[in-house]
1. Looking at residue B:52 and the list (1) surrounded by fewer than 16 Cβ atoms within 10 Å (Cβ to Cβ); (2) away from chain A (no Cβ under 14 Å); (3) outside any loop (DSSP other than H, G, I, E, B); (4) at pLDDT 95 or above, which single condition is not satisfied?
2. With (1) buried (at least 16 other Cβ atoms within 10 Å of the Cβ); (2) in contact with a strand residue (DSSP E or B) (Cβ under 9 Å, 6 or more places away or on another chain); (3) more than 14 Å from chain A (Cβ to nearest Cβ) as the list, and residue B:46 as the residue in question, which single condition is left unmet?
3. List pairs: first residue in segment B:40-60 and at positive phi, second residue surrounded by 11 or more Cβ atoms within 10 Å (Cβ to Cβ) anywhere in the structure, Cβ distance under 9 angstrom, at least six positions apart or on different chains.
4. Output the residues belonging to segment A:55-73 that are farther than 14 Å from residue A:26 by Cβ and outside any helix (DSSP H, G or I).
5. Go through segment B:23-38 and give me each residue that's within 16 Å of residue A:35 (Cα to Cα), assigned to a helix (DSSP H, G or I) and at the interface with another protein chain (Cβ under 9 Å from one of its Cβ atoms).
6. Quick one: residue B:19 ticks every box in (1) farther than 22 Å from residue A:111 by Cα; (2) in contact (Cβ under 8 Å) with a residue 40 or more places away in the chain except a single one, so which number is it?
7. Got a number for residues in segment A:74-112 being more than 12 Å from chain B (Cβ to nearest Cβ), within 26 Å of residue B:110 (Cβ to Cβ) and part of a loop (DSSP other than H, G, I, E, B)?
């Protein structure tokens, strides 16, 4: 059955090629503290997390918007497992395009 | 003469202690491409540059605003030499507070 070809990864929204992402877009995504919070959680988890797992101080629809912006900026990959929308940091790809940027931002966020 | 105590460094505008600067303020400063251009020029020059030395695609008053934002975010130190307002990156201080952040941003800006 062609429709189940990707197993639980149906309804995958579009993801940009990391090479098409510029620093401007990345910084516009990361200037928002809620989006940095999401990236920080995914960085710490080192695995994909469902949207509901990450506690955010915003409404569900606002959170969905933030995840969308991060996906558009090449920072996260989203896919479904059943009804759960999963989010994974595109860490290796991102580190290759923007060496040292994520670790520096995470370190800055972690300091007291 | 007390008034010449600082030689050419009179009329120094206030500079924040780097420890009072948060990542949010830094990113808000650096999300602007003209301000990143200024920081990039100062980083490359490795010395203080007068405002007029740095070619910017904005009016003089807008440029003055951008320098002001960078100073408020702890990124640059400004002082006068005669009538020239000089700008120096607070690189060592900044690197201590935000390790790796400036080099990562400069590297990202430099790539094709």
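1. (4)
2. (1)
3. Hits for this filter: B:46/B:89; B:46/B:91.
4. Once the filter is applied, which keeps residues that are farther than 14 Å from residue A:26 by Cβ and outside any helix (DSSP H, G or I), segment A:55-73 yields A:55, A:56, A:57, A:58, A:59.
5. B:23, B:24, B:26, B:27, B:28
6. In the conditions (1) farther than 22 Å from residue A:111 by Cα; (2) in contact (Cβ under 8 Å) with a residue 40 or more places away in the chain, residue B:19 misses (1) alone.
7. Total meeting the criteria: 3.
The values are calculated or read from the model by the stated rules, or taken from the named source; none is laboratory data. Note that this is a predicted model, so its numbers are computed, not measured. All Cβ positions, even for glycine, are placed from backbone atoms using ideal geometry, and neighbour counts span all protein chains on display.
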